[in-house]
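Working notes, structure below.
The values are calculated or read from the model by the stated rules, or taken from the named source; none is laboratory data. The shown structure was predicted, so the numbers you read here are calculated from the model rather than taken from an experiment. As a convention, Cβ positions derive from the backbone with ideal geometry for all residues, glycine included, and neighbour counts pool all protein chains shown.
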Amino acid sequence: MAGGLLFLALAALVFGGSRQPGTTMLLLCVLAAILAAAGTVLLVWAIGYQRLGYVLTESSLRIDWLGRTVVVPYAAIQGIYTGQRLSGNATPNVPRWPGISIGPARIRGIGRLRFFATSTDQSHLTFITVEHGGVVVSARDPGTFRAALIERVENYDSLSSRDALAWHQRPPTTAPWTALGDPWLAVCASLGIVVLLVVMLVITSRFDSLPDQVPLRFDASSQPSQIAAKGDLLRLPLLGLICLALNWVVGALVHPKERLLARLLWIGGAVVQVIVLIGVLRLVA
């Protein structure tokens, strides 16, 4: 599904680029942006689904999802049950993608739950209670998983005299998950795309009224130093898009170690689009 949306986004972009500048081209570019955003979100969820896992360590149950790690210490576990204990409340309270039942829920009499499951079938679920709530998982072999978890909890309780620890979530530490959790990426990406679409709007709305030859460069005295066909104006948003995507990728890669540099790259990508907009406004004036 994610691959299909991304392919349609690319197709809309290519088809729009082959059209005569105008309303149709602009609408296709907007459609490409929407499809690319939706495809990217689904791709992230698909990767998260493939990497969703439950690990029984020496001291805790570890749940990995989207680069984050939920740690449930054995000492904090109060009960281990089948999904029937949920009494019909086998899904989170947030919209979910079919096959990915992940999110929070609050159930009267039980408390706050976190779902990390790939099924809504109660017989496939394992409900693990902790103080004021619990987690719900769906192991490939629920019976074997519950038996192994119960054994770990019993052995840990008999060997440990430490007080029960609270379950907690560790933030992501690797690329690209740290970047995806940073609101700066979403803000800068949205701003960059919006400005880029405004650039396309300016070009398409003024294209027919422009002369066949337009100046693309000016010297220090504001005199045209390069004249080209007006169709070359369309290269400017294309270069802006390439710069934007490159800054996103490089920023995501360096984000785990250089968060400030990553944010500067994302901001720089958006600033480039503003510069392109200013240049286009000057060229079509």
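Observations on the model:
- Residues of the stretch 51-89 satisfying the condition of being assigned to a loop (DSSP other than H, G, I, E, B), surrounded by 20 or more Cβ atoms within 10 Å (Cβ to Cβ) and of a type in the set (Val, Ile, Thr): Ile77
- Hey, Gly48 surrounded by fewer than 15 Cβ atoms within 10 Å (Cβ to Cβ), outside any strand (DSSP E or B) and either small (Gly, Ala, Ser) or not assigned by TED's automatic domain parsing to the domain that holds Leu241 (or both) or not: no
- The residues listed here are Ala186, Ala175; of these, the one that is out of contact with any strand residue (DSSP E or B) (no Cβ under 7 Å at 6 or more places or on another chain), outside any strand (DSSP E or B) and surrounded by fewer than 17 Cβ atoms within 10 Å (Cβ to Cβ) is Ala186.
- Any chance Ser123 is part of a loop (DSSP other than H, G, I, E, B) and in contact (Cβ under 8 Å) with a residue 12 or more places away in the chain: no
- The listed residues are Leu196, Leu165, Leu159, Leu113, and the only one of them that is over 30 Å from Lys230 (Cα atoms) and modelled with pLDDT of 90 or more turns out to be Leu113.
- Within the stretch 90-115, tally of residues that are charged (D, E, K, R) and surrounded by 18 or more Cβ atoms within 10 Å (Cβ to Cβ): 1
- Filter result for Arg106 (within 15 Å of Val135 (Cα to Cα) and charged (D, E, K, R)): yes
- The single condition from (1) modelled with pLDDT of 95 or more; (2) under 22 Å from Leu28 (Cα atoms); (3) aliphatic (A, V, I, L, M) that Leu264 fails is (2).
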